[in-house]
Amino acid sequence: MEITYELTQKDFAEAFSAHRNRRAVMKWIRTIIFWLTILGSAFLLFGAIRSGNTRTLLPFFAVVALWLLFLAGLPLRLSARKQFLKQPGARGPRAVVFDGTGAHWRWNGGSSDIEWKNYVRSVEGPNQFLLYTSPACFNIIPKRAIEEAKLSAVRGLLKQNIPPET
């Protein structure tokens, strides 16, 4: 099976997000912390408004705003953008061919043949598949490059050959 595509900056950002959210418990912990921060800040603000002491809380709310940006993933998107723009091999046409031995990658400026046994896990994000050769190094395959009829075949192939996330 061959899949051809071109990565975009959006693909990188979504892949980084899928990598960060690959464990459901971590996604829920971040969400809970996010909402607890908002609720706690709201209670503090209402208390300060009632006592007429809002000026003293301005530094606190500045820190809360930065914390919420961090939890929302702004640094993640900036990192993805930077890596995409500074990585020449990420741009241009790409192809991956899956066969019985592994994945054969071809891109503008290089190629790689990786046997199935060298993949440590695969993660399916909302818009892409991530194939990991180490705990943090992964290849991106956007789902938009795969025909709808072949999506289940790709899922089956990855499930059969790559260990699931543990």
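Can you find even one residue in segment 118-129 that is exposed (fewer than 12 other Cβ atoms within 10 Å of the Cβ) and not charged (D, E, K, R)? Working first, answer last.
Just the residues of segment 118-129 that are exposed (fewer than 12 other Cβ atoms within 10 Å of the Cβ), to begin with: 126.
So of that shortlist, the ones also not charged (D, E, K, R) come out as 126.
Yes, segment 118-129 contains at least one residue that is exposed (fewer than 12 other Cβ atoms within 10 Å of the Cβ) and not charged (D, E, K, R).
Six or more apart or on different chains, Cβ atoms under 8 Å: show the pairs whose first residue is in segment 2-22 and polar (S, T, N, Q) and whose second is assigned to a loop (DSSP other than H, G, I, E, B) and at pLDDT 85 or above.
S17/G125; N21/G125
Could you please find all residues in segment 104-117 being out of contact with any helix residue (DSSP H, G or I) (no Cβ under 8 Å at 6 or more places or on another chain) and surrounded by 14 or more Cβ atoms within 10 Å (Cβ to Cβ)?
Residues satisfying the conditions are H104, W105, R106, I114.
Out of segment 108-166, which residues are in contact with a Gly (Cβ under 7 Å, 6 or more places away or on another chain) and hydrophobic (A, V, I, L, M, F, W, C)?
I114, W116
Acidic (D, E) and in contact with a strand residue (DSSP E or B) (Cβ under 9 Å, 6 or more places away or on another chain) - does that describe any residue in segment 92-101? Break it down into steps so the answer makes sense when it comes.
Keep residues of segment 92-101 that are acidic (D, E), which gives 99.
Keeping just the survivors that are in contact with a strand residue (DSSP E or B) (Cβ under 9 Å, 6 or more places away or on another chain) gives none.
Checked segment 92-101: no residue is acidic (D, E) and in contact with a strand residue (DSSP E or B) (Cβ under 9 Å, 6 or more places away or on another chain).
Go through segment 136-154 and count every residue that is within 18 Å of the chain's Cα centre (by Cα) and in contact (Cβ under 8 Å) with a residue 24 or more places away in the chain.
To start, the set of residues in segment 136-154 that are within 18 Å of the chain's Cα centre (by Cα) comprises 136-145.
Imposing the further condition that a residue be in contact (Cβ under 8 Å) with a residue 24 or more places away in the chain reduces the set to 136, 138-142, 144-145.
Within segment 136-154, residues that are within 18 Å of the chain's Cα centre (by Cα) and in contact (Cβ under 8 Å) with a residue 24 or more places away in the chain number 8.
The values are calculated or read from the model by the stated rules, or taken from the named source; none is laboratory data. A quick note: this is a predicted structure, and the numbers were derived from the prediction, not measured. Note that we place each Cβ from the backbone using ideal geometry, even for glycine, and neighbour counts take in every protein chain shown.
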